[in-house]
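What follows is one structure encoded as structure tokens, with my remarks underneath.
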Amino acid sequence: MIDWLLGRHTVEIVCDLDLEQTAESLHAYSIPVGIDIGPGDELVMHGAPAGVPFGERATMQVRATVRRAGWYDRAMVHLGAFFTLTELYNVGFEDIELPEVAA
């Protein structure tokens with residue numbers, strides 16, 4: 001009931017998964033097929049391996065569930081992003097007295 005009021009809903013999709021653990025690269029990419037992920041959306045992959053052994057790369061398609069954020073969730077993400085950005089503006093310059101070095 002609350003999900004309906006807030007505009008949340010879920011979608012079942014297929015997700016391309018690329019895992020690599022080699023000396024050249026360490027990455028895990030998940031690429032949703034046929035859907036755009038927006039601010040506040042959550043992606044849960046089903047049946048994906050936790051990792052690959054060193055020196056190997058694995059690519060596969062897995063089933064995934066996207067929980068679409070509603071209007072309230074998106075507003076909270078945008079508000080939180082604004083305050084996180086304003087933290088970068090909080091730069092202070094203070095006079096620091098250095099101790100004198102005896103010659």
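The values are calculated or read from the model by the stated rules, or taken from the named source; none is laboratory data. In this text the structure is predicted, and so the values were computed from the model without any measurement. A quick note on method: Cβ atoms are made from the backbone with ideal geometry, for glycine too, and the neighbour counts reach across all protein chains shown.
Within segment 1-27, residues that are farther than 17 Å from residue 48 by Cα sit with their Cβ atoms under 6 Å from residues that are assigned to a strand (DSSP E or B) and among the hydrophobic types (A, V, I, L, M, F, W, C), at 6+ positions apart or across chains, in these pairs: 11/66.
Taking the conditions (1) in contact with a strand residue (DSSP E or B) (Cβ under 7 Å, 6 or more places away or on another chain); (2) part of a helix (DSSP H, G or I) in turn, residue 58 satisfies each one other than (2).
Filtering segment 7-44 to residues that are at pLDDT below 90 and surrounded by 13 or more Cβ atoms within 10 Å (Cβ to Cβ) leaves 7, 8.
Restrict the check to segment 30-44 and report whether at least one residue is farther than 29 Å from residue 3 by Cβ and either touching a residue at least 60 places away in the same chain (Cβ under 8 Å) or not in a loop (DSSP other than H, G, I, E, B) (or both). No, segment 30-44 contains no residue that is farther than 29 Å from residue 3 by Cβ and either touching a residue at least 60 places away in the same chain (Cβ under 8 Å) or not in a loop (DSSP other than H, G, I, E, B) (or both).
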